[in-house]
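Peer 1: Following this message is one structure expressed as structure tokens.
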Amino acid sequence: MSGLPILDAQPLRDLLELGAEGGLVQELIALYQEDVPPRMSSLREAMATGDLPRMLMEAHQLKGALGNLGLMRFADMAARIEAEARGGGLVEGPALIEALPAAYDEGLAAFREAFPGA
């Protein structure tokens, strides 16, 4: 597994310190819970059918969303899947896709630890 931290919470903390609404983190966690599981399912389906363009698109969108949330390790996994799909071959991708649910849970736990009130 990557040596990256699970979560870099500083950007979200900075937003809160700059006056963002206190419910912002709750909203972001809710969006994470709504958006990420369907994307993981779509990635798994695309892999099963060999649909590399769909894998590329889903991995790219997942990478961006996760990166914006500060979920560094999870975003790195998506970036690696994206790179393999872009290259037309899947070496590490299937194992990474199978590891996504655990990374999702890890990210959710990291959010809850960093922002206990959210």
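Each reported figure results from applying straightforward, stated rules to the coordinates on display, with no laboratory input. None of these values were measured; they are calculated from a predicted model. Note that we place each Cβ from the backbone using ideal geometry, even for glycine, and neighbour counts take in every protein chain shown.
Peer 1: Exactly which GluC sites (Glu not before Pro) in the stretch 46-118 are in a DSSP loop and have at most 14 other Cβ atoms within 10 Å?
Peer 2: Those satisfying the criteria are 92.
Peer 1: Tell me the mean residue ellipticity at 222 nm calculated for the chain from its helices only (DSSP H runs of n ≥ 4, each -39500 (n - 2.57), averaged over every residue, nearest 500).
Peer 2: Result for the chain, helices only: -26000 deg cm²/dmol.
Peer 1: Please give the FRET efficiency for residue 109 paired with residue 49, using the beta carbon to beta carbon distance and R0 = 41 Å, rounded to the nearest 0.05.
Peer 2: With a Förster radius of 41 Å, E is 0.85.
Peer 1: Please list the helices of the chain that count as membrane-span-like by this rule: a mean Kyte-Doolittle hydropathy of at least -1.0 together with Cα atoms stretching 15 Å or more along the helix axis, each helix being a complete DSSP H run.
Peer 2: Membrane-span-like by this criterion, though nothing is claimed about a membrane: 24-49, 52-69, 72-87, 93-114.
Peer 1: Could you work out how far the C-alpha centroid of the stretch 1-67 sits from that of the stretch 69-100, in angstrom?
Peer 2: Taking the Cα centre of the stretch 69-100 as reference, the centre of the stretch 1-67 is 13 Å away.
Peer 1: Taking every pair of Cα atoms in the chain, average 1/r, invert it to obtain the Kirkwood radius, and report Rg/Rh to two decimals. Spell out each step's value before the answer.
Peer 2: On the way: Rg = 14.7 Å, Rh = 14.6 Å.
Dividing the radius of gyration by the Kirkwood radius yields 1.01.
Peer 1: Roughly how many debye, to the nearest 20, is the charge dipole of the chain about its Cα centre, given +1 on each Lys and Arg Cβ, -1 on each Asp and Glu Cβ, and no other charges?
Peer 2: Computed about the Cα centre, the dipole is about 220 debye.
Peer 1: Could you put 111, 74 in order, starting from the residue whose Cβ has the fewest other Cβ atoms within 10 Å?
Peer 2: Starting with the residue having the fewest Cβ neighbours, the order is 111, 74.
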